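The values are calculated or read from the model by the stated rules, or taken from the named source; none is laboratory data. These numbers were taken from a predicted model, which means no experiment stands behind them. Cβ sites come from the backbone with ideal geometry, for glycine too, and all protein chains shown count toward neighbours.
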Amino acid sequence: MDDLDRRLINRLQLGLPLVRHPWQALAAELDSSSHELLDRLHELLEDGVLTRFGPMFDIERLGGAFTLAALAVPEDRFDAVAEQLHALPEVAHNYRREHRWNMWFVLGCATEHAVAETLQRIETLTGLPLLNLPKEETYHVGLYFPA
Amino acid sequence: MKPGLSAKQALALRRHLEAGLPRVSRPYQALAERIKGNEHRVLVQMHRWQAQGLFRRVGLVLNHRALGFTANAMLVLDVPDALIDEVGQRLGRVPGINLCYQRPRRLPQWRYNLFCMIHGRQRDQVEAQVQALLQEQLLSDLPHQLLFSSHAFKQCGGRYTPSPTGASLHG
């Protein structure tokens, strides 16, 4: 990754202009060419540095229900429980965190009802108590990673 | 009212956008061809959706680990209910805090009601950053914990058909 890749990533995190010739507009800003920028974008996606390029839909505006949940998993069962969650299509992210509550995951379902059902299923499946921590208020969403 | 797409075309456009924006010099022209519309109307529809908040921007999802952001910390605080909005808004504006949400307490197991995500390249740097920002904000006295993630097991979209993929998902 070189300086142009980094500048491209940083610029795209702010959004591609919604105009007919967006790459021309960006090429002028980044002192490059449309062709070069598109090639770079393609490579960054191929290499897995980027996992998506396109409109970032606000999932909650589209319908669907979500929650953040946590389990306190005994260390000797950790991998097995991770496997159990992995098998559920509703589980989006699953992170191990250094805490007594050591498994943190996001559920994405079509409805609130499906979220409740899935949480119940996870409790039954694992036999572990669960923390259900749905978002109550959003104060800031602004993922930005300076490359 | 500017001319827009038909409902059928708009739906088809949304489906195409699930796969991302075509990576060509005139992406809206390319999309227009696929839905048998025209470039101008596609752009009008995109602006409309953006204004409605269906998407914030045409941007990207980064594999932040590939960029070296491996120190991913969740800062949780126990904020008195009367102060939660003020503190949440204040912390949400602090550079380096990527996400800031209120979530419910679950007493007695879980007392924390404010969640902030901080991503850094090094753990000690993130720890120092958090201590500094809590001091600056005069919040060091609030009960808080910093939970570092040591492993990401699964990172993909959940199931929420018929909605498009590629949305930001933070539970």
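Annotation: of all residues in the stretch A:36-86 being surrounded by 21 or more Cβ atoms within 10 Å (Cβ to Cβ) and on the phi > 0 side of the Ramachandran plot, the one that is modelled with the lowest pLDDT is A:GLY64.
Here is the figure for the stretch A:120-134: residues that are more than 12 Å from chain B (Cβ to nearest Cβ) and either in a helix (DSSP H, G or I) or within 16 Å of B:ARG103 (Cβ to Cβ) (or both) total 7.
Filtering the stretch A:119-128 for residues that are closer than 29 Å to B:ARG121 by Cβ and at pLDDT 90 or above leaves an empty set. Only a single criterion out of (1) within 7 Å of another protein chain (Cβ to nearest Cβ); (2) of a type outside the set (D, E, K, R); (3) within 30 Å of A:ALA27 (Cα to Cα) is not satisfied by A:PRO89, namely (3).
Residue pairs whose Cβ atoms lie under 7 Å apart, sitting 6 or more positions apart in sequence or on different chains, and linking a residue in the stretch B:21-34 that is surrounded by fewer than 16 Cβ atoms within 10 Å (Cβ to Cβ) to a partner that is of a type outside the set (A, V, I, L, M, F, W, C), are B:ARG34/B:HIS16. On the stretch given as the stretch B:28-57, residues that are facing another protein chain (nearest Cβ under 7 Å) and in contact with a helix residue (DSSP H, G or I) (Cβ under 8 Å, 6 or more places away or on another chain) total 9.
Within the stretch A:100-113, the residues that satisfy the criterion of being surrounded by 13 or more Cβ atoms within 10 Å (Cβ to Cβ) and either modelled with pLDDT under 95 or part of a strand (DSSP E or B) (or both) are A:MET103, A:TRP104, A:PHE105, A:VAL106, A:LEU107, A:GLY108, A:CYS109, A:ALA110, A:GLU112. Restricting B:ARG48, B:ARG57 to residues that are in contact with a Lys or Arg (Cβ under 9 Å, 6 or more places away or on another chain), outside the structural domain of B:ARG111 (by TED's automatic domain parsing) and either within 15 Å of A:MET56 (Cα to Cα) or not β-branched (Val, Ile, Thr) (or both) narrows the list to B:ARG48. Checked against (1) without any contact (Cβ under 8 Å) to a residue 60 or more places away in the chain; (2) under 14 Å from B:MET74 (Cβ atoms), B:GLN125 passes all but condition (2).
Examine the stretch B:158-170 for a residue that is surrounded by 19 or more Cβ atoms within 10 Å (Cβ to Cβ), in contact with a His (Cβ under 9 Å, 6 or more places away or on another chain) and either among the polar types (S, T, N, Q) or modelled with pLDDT of 95 or more (or both), and state whether such a residue exists. No, the conditions are met nowhere in the stretch B:158-170. When the stretch B:1-20 is filtered for residues that are away from every other protein chain (no Cβ under 11 Å) and either free of Cβ contacts under 8 Å to residues at least 40 places away in the same chain or on the phi > 0 side of the Ramachandran plot (or both), the ones remaining, listed by number, are B:MET1, B:SER6, B:ALA7, B:LYS8, B:GLN9, B:ALA10, B:LEU11, B:ALA12. Screening the stretch A:44-74 for residues that are more than 7 Å from every other protein chain (Cβ to nearest Cβ) and touching a helix residue (DSSP H, G or I) at 6+ places or on another chain (Cβ under 8 Å) and picking the one that is nearest to B:ALA51 (Cα to Cα) gives A:ALA65. Within the stretch A:69-113, the set of residues being of a type in the set (S, T, N, Q) and within 13 Å of B:MET74 (Cα to Cα) comprises A:ASN102 only. Restricting to the stretch B:66-84, and then to whatever is more than 7 Å from chain A (Cβ to nearest Cβ) and without any contact (Cβ under 8 Å) to a residue 60 or more places away in the chain, can you tell me which residue is nearest to A:MET1 (Cα to Cα)? Among residues in the stretch B:66-84 that are more than 7 Å from chain A (Cβ to nearest Cβ) and without any contact (Cβ under 8 Å) to a residue 60 or more places away in the chain, the one nearest to A:MET1 (Cα to Cα) is B:GLY68.
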